[in-house]
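The values are calculated or read from the model by the stated rules, or taken from the named source; none is laboratory data. Everything numeric here is computed off the predicted structure, so don't read it as measured data. Cβ placement follows ideal geometry from the backbone for every residue including glycine, while neighbour counts extend to all protein chains displayed.
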Protein chains: 2
Amino acid sequence: MEEITIKDIARICKVGVSTVSRAINNHPDINPETKKMIMDTIQKYGYIPNNSARNLKRTDGKCVAVLVKGITNPFFADAIQIMEDEIKKKKYSMVIRHVEFNEDEVDVALELVKEKRLAGIIFLGGYFSHSEEKLHKLRIPFILSTVGCAPDGMHHDNYSSLSVDDEKEGYRMTDFLIRQGHEKIAILAAQPNDASIGRMRLNGYRKALKDHGIKPDEELIRHMRPEIKSYSMESGYVLTRELLDSGKEFTAIFALSDTMAVGACRAIVEAGKRVPEDYSVAGFDGIELCSYYNPTLTTIRQPIQHIAEASVKLLFDILAGRSGHQHKVFAGELLEQESTAKR
Amino acid sequence: MEEITIKDIARICKVGVSTVSRAINNHPDINPETKKMIMDTIQKYGYIPNNSARNLKRTDGKCVAVLVKGITNPFFADAIQIMEDEIKKKKYSMVIRHVEFNEDEVDVALELVKEKRLAGIIFLGGYFSHSEEKLHKLRIPFILSTVGCAPDGMHHDNYSSLSVDDEKEGYRMTDFLIRQGHEKIAILAAQPNDASIGRMRLNGYRKALKDHGIKPDEELIRHMRPEIKSYSMESGYVLTRELLDSGKEFTAIFALSDTMAVGACRAIVEAGKRVPEDYSVAGFDGIELCSYYNPTLTTIRQPIQHIAEASVKLLFDILAGRSGHQHKVFAGELLEQESTAKR
C-alpha cells in the first residue's frame, strides 16, 4: 500500500498543502475549524508528517542520487521535483547533482558512490555511451530516465531505461504538420554530431517526410551551434532569424524543444510575421509555458510525471528484489494548440 | 589571480566551450587545425582541464552546500548554474538540495553538515526566521543569497546576506507605472500572511502610491492562494481572470514575478484584450523569457549573476579569513519592454 502524503491530506480536506502544513506546524495563520478538520483527517488516515528531522532518524542515511544533464531546463525541473517527492515517500534522501555537458556522468556517479551510501542512481536526460566495463564499477542499480541512448554493448538485463521513443515522436509531429498541408517544414535540430535524442527526433522527421514522398531539403535542417546554449530560447531565436534571412521558402518550423519553439516564435514576430498565419511553429516536451505563451504552442507532450514516478518505483522494486531491470517506452501525446494551422 | 577556465579558453580561441571540450577529450568531430590552436592556447595559458575525476583528487571531499527554496523557478536555475561554476573554480564540490516550503531549511542544513564535510552553506531564496541559538548549531559559515528576511535577532556579524532591496524595487516599478500615467494599478501579490520578499515588494507598491497621492484600492491587491503553486504562471493566470471577471477598473498589473506576469498576459489575451493597448503588465526578476515572450515583458531585472558570483566569492573570502560577514544590497534595473505603455 502506498503511504499517504501531505498532498493526499490536502486533497481530502479540499485545502492547499500549505494549509495542511500550517495545521501540522501550529502556525497561527489558520482558521481553527479548518485546523481541526485537517488534524482529524490526519489522524483518520494515519498520515505521518514528513519533516526532515524525522526523516533523518528513519533513513539512516540511505540515499538515491539523481544526476541531471541540463538542470536549467524546465522540463527536467518538473521531473526532479516529482522524483524528490517519490524518493521521500520511501524514506530515502535524494541528492541531486548537475552534470555538465563536458563532464563524464559515470565519473561523477563513481565519486558519489564513494562519498555517500548510495542505494541507487537515476540518470536524468542527456545521452549515454559508456562501456559495460566502466558501468560495472558502479556496483549499484541504475536507471536511465529520458536518456537518449543505450549503453554501448551493455546487456539490457544490467540497467533499466524509461523514456519516450524519440524517433517515433519526431515522426508523429512531422506527420501531423504534413497532414496539415505543410511540405516545406524547417527543423531546428541538435548539433550535427549529436548522437542522442536530437538525432533520434531528426530521424523521425526524415522518415515522415520520406513516407509522404517529400524529399528532405538539407537547407531547412538547421543545427544548434556549440557557442549557444543547447535547446535554449536563444538558440531557437538565432536559428529562426537565419532561416528567415536566408530567403528559403518554408511554411512550418518543428523545433526539437518547446524552449526553442518560443525563440522561433519571437524571431517570427520580430520579423513582422505572424504565428500561425505566416508560419506554423511546433515544439517538443510539453512544458507548462506551452499553455501560457502567445500563441499557445503545439507540442509533443512527454508524460514526464509518469516517467519520473515510474523511474523511482522501478528503482525501489529492483532494490527490494521485486523486479529485474526493465525497459519501458512511454507514448507522447500530440497537443494541438494555437501555434500551428492548416496550410 | 583567478584561475583560467574552459570558458576563457573558448573566448580566446573564438570557439564554443564544447569545441574546447572536444579538443581536450580527443573527440573525432573537430577540425585538426582548430584542435591544434586550442591545445596551444591551453598550454600557453596553463589551463588545467577540470573534469570530475581530477577534481576528486584535489578537493579531498571539500564541499559547499546550496539549499534552494523553489528549484523549479527559472530565476534560481540560473543562480545554481553560476554558483556551481564558481564553486568548481575553487576546487570544491557542490551539493544542491531542494528545500520544500514545509521543510525547515536549518534542519536540512544540520543534516547535511553531519553527512558531509561541508565548508559552508549558501541558502538561496525563500525567507528566514530562525533563532540565533539554532543557527549557532550549524558551526560553519552561511550566506543568505536573495533571501527575504534577516534571521530573528541574530547579530549581523554572524551571517552574510546578498540581495536586492525588495521594497525599493517594488517601489521602483510602481513609481514607473504611475509616471506612465497609470493610477489604477492592480498587484498580484504573495499570500496575505507572507512575511518575505512578497511582503516587501507589496510595501514598496503601497509606498509609491502614497507618495503620488493615490489611495490604494484593496480590491486591486490580489493575493496568491495556498492551493496554487506560489509565483507560478497558473497563479498569475487565475488571479488575473478573477480580476477581469470582477469588473473592477484598472489599467495596469504589477505581478511580483515574471512567471506570474506571463500568466497575467495570457489571461488578458484569452479575454480578447491586448497587452499593452488595453492593460499594461509588468513583472519582477528579469528571467530570460522576458525577452522572448509576446509581448516582451517589462520587469525589474535582479543582477542574479552578480549576486550568485558575489555569494560564492564572499563565502570563500570568509573561509580563507580574508573577510568577516557582510551585508550587500544590489540595485535592480528597470527593463522597459513591450508589455507596458503610456496611459
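Exactly one residue out of A:ILE221, A:ILE253, A:ILE228, A:ILE268 is touching a residue at least 60 places away in the same chain (Cβ under 8 Å) and on the phi < 0 side of the Ramachandran plot, and it is A:ILE253.
Exactly one residue among A:ALA195, A:ALA186 is in the same structural domain as A:MET224 (by TED's automatic domain parsing), outside any helix (DSSP H, G or I) and modelled with pLDDT under 85, and that residue is A:ALA195.
What helices (runs of 4 or more DSSP H) lie completely within the stretch B:229-333 and have 3 or more residues being acidic (Asp, Glu)? Working first, answer last.
On the way: elements: B:233-246, B:258-270, B:304-319.
Passing ranges, in order: B:233-246.
Every test in (1) touching a strand residue (DSSP E or B) at 6+ places or on another chain (Cβ under 8 Å); (2) under 22 Å from B:PHE330 (Cα atoms) is passed by B:ILE221 save one, and that test is (2). Residues in the stretch B:284-302 that are touching a strand residue (DSSP E or B) at 6+ places or on another chain (Cβ under 7 Å) and free of Cβ contacts under 8 Å to residues at least 40 places away in the same chain: B:ARG301 only. For the structure I just gave you, tell me whether A:VAL15 is within 11 Å of chain B (Cβ to nearest Cβ), modelled with pLDDT of 80 or more and in contact with a helix residue (DSSP H, G or I) (Cβ under 6 Å, 6 or more places away or on another chain). No.
Of everything in the stretch B:274-293 that is charged (D, E, K, R) and within 12 Å of chain A (Cβ to nearest Cβ), the residue that is farthest from the chain's Cα centre (by Cα) is B:ARG274.
Would you say B:LYS207 is touching an Asp or Glu at 6+ places or on another chain (Cβ under 8 Å) and either more than 19 Å from B:SER232 (Cβ to Cβ) or crowded, with 23+ Cβ neighbours inside 10 Å (or both)?
Yes.
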